[in-house]
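The values are calculated or read from the model by the stated rules, or taken from the named source; none is laboratory data. What you are looking at is a predicted structure, and each value in this text was computed from that prediction instead of being measured. Using ideal geometry, Cβ is built from the backbone for each residue, glycine included, and neighbour counts are taken over all protein chains shown.
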Amino acid sequence: MLDLRRLRLLRELRDRGTVGSVAAALDYSPSAVSQQLRVLESETGAELLERRGRRIHLTEAGLTLARHAERLLAAAEEAEAELAAADGSVAGTVRIAAFQTATLALVPAALTALGSAHPQLRLELIETEPEGALHSLALGELDLVIADEWEYVPRVRLEGLLREELLRERVRLVLPADHPLARPGKPVRLATLAEEPWACGPPPSAHDKLVQRACRVFGGFTPDVRHRSTDLLVLLALVRTGHAVTLLPDLVRAEDDSTLAVRDLAEGPLTRIVFTAVRAATAERPALAAVRAALREAARG
């Protein structure tokens, strides 16, 4: 009988690439990971690993078993989820990752509602960018991710993940309030901002790609990006003090700041989708269902 824990180590090695990264992710020592993989080879009677230089790679037999391991691990998670659903109790731990604006605008209300309704539920939150979080979710390190997808910058759909849209919002131009183009209520043509300094996320972030593509497609120019940050509040500060312009979604609530001017684009609307993602095998867990419902309610509010 194959051990699911050892099968997971093989799957992790395929996805992470090194024994050291597997050990770090699962809180093992590298020697323990190597020893368990040797036991797995002994159990199967097949050569699963080969050394090329200083790296260990999966053989064809190892890759075949890793594919089966992925299905077996998903089936085990699905069985656990169905058993939890049959019990019906909303309890246990749910590990959540969310990007900054969702952490500020959506998560607190959801946590408050869940704390009142389900006191046996433990919620753990990390604020991080969606790119890495979605991969961590696929690998089982997280239970739910709140992620975003900007127009013209689609995210890669990872196998085994289930997406649910929370909201669809407008992306608008943000200028200093005293900018010459910040006339009340008047849409702004991107082409008129070709000589302005811009601020956006660092490459290869989705926000950087959105700003670059919008300026080129709508405005016909490559933006002069002088400032970069993954923190949208930093971008707002740069705009507020007159050092840049940028494009930001409504969830940032820049319109609440009197030192900023938020304007539509004359060339047409840009949008951003905010969604939750869970592993399909765990979607029926009552705890996850409760968290997803609370986030839907927060998004409606």
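Worth a mention:
- Residue among Val252, Val274, Val245 that alone is touching a His at 6+ places or on another chain (Cβ under 8 Å), touching a residue at least 60 places away in the same chain (Cβ under 8 Å) and not small (Gly, Ala, Ser): Val245
- For segment 104-130, residues that are surrounded by fewer than 16 Cβ atoms within 10 Å (Cβ to Cβ), of a type outside the set (A, V, I, L, M) and over 13 Å from Leu144 (Cα atoms) total 7.
- Among the residues of segment 279-297, those identified as of a type outside the set (D, E, K, R) and part of a helix (DSSP H, G or I) are Ala280, Ala281, Thr282, Pro286, Ala287, Leu288, Ala289, Ala290, Val291, Ala293, Ala294, Leu295.
- If you go through segment 33-81 and pick out every residue that is part of a helix (DSSP H, G or I) and of a type outside the set (A, V, I, L, M), you end up with 18.
- Unmet requirement for Leu104, which otherwise passes all of (1) of a type outside the set (Lys, Arg); (2) in the same structural domain as Pro119 (by TED's automatic domain parsing); (3) touching a residue at least 12 places away in the same chain (Cβ under 8 Å); (4) part of a helix (DSSP H, G or I): (3)
- Taken over segment 10-37, the residue count meeting the criterion of being of a type in the set (Asp, Glu), crowded, with 18+ Cβ neighbours inside 10 Å and free of Cβ contacts under 8 Å to residues at least 24 places away in the same chain is 0.
- Residue list for segment 209-263, restricted to those being of a type in the set (D, E, K, R), over 15 Å from Pro197 (Cβ atoms) and within 22 Å of the chain's Cα centre (by Cα): Lys209, Arg213, Asp231, Asp250, Arg253
- Just so you know, in segment 242-278 the residues that are of a type in the set (D, E, K, R) and part of a strand (DSSP E or B) include one that is farthest from Arg292 (Cα to Cα), and it is Arg263.
- Residue selected from segment 194-207 under the condition farther than 19 Å from Asp264 by Cβ and surrounded by fewer than 19 Cβ atoms within 10 Å (Cβ to Cβ), by the criterion modelled with the lowest pLDDT: Pro204
- Any hit, segment 229-237, residues being touching a Cys at 6+ places or on another chain (Cβ under 7 Å) and under 30 Å from Thr282 (Cβ atoms): no
- Checking Leu7, Leu40 one by one, the residue that is over 28 Å from Leu144 (Cα atoms) and surrounded by 19 or more Cβ atoms within 10 Å (Cβ to Cβ) is Leu40 and no other.
- Within segment 155-179, the set of residues being surrounded by fewer than 17 Cβ atoms within 10 Å (Cβ to Cβ) and within 16 Å of His243 (Cβ to Cβ) comprises Ala177, Asp178.
- In segment 118-145, residue farthest from the chain's Cα centre (by Cα) [restricted to those that are part of a loop (DSSP other than H, G, I, E, B) and within 13 Å of Thr103 (Cα to Cα)]: Thr128
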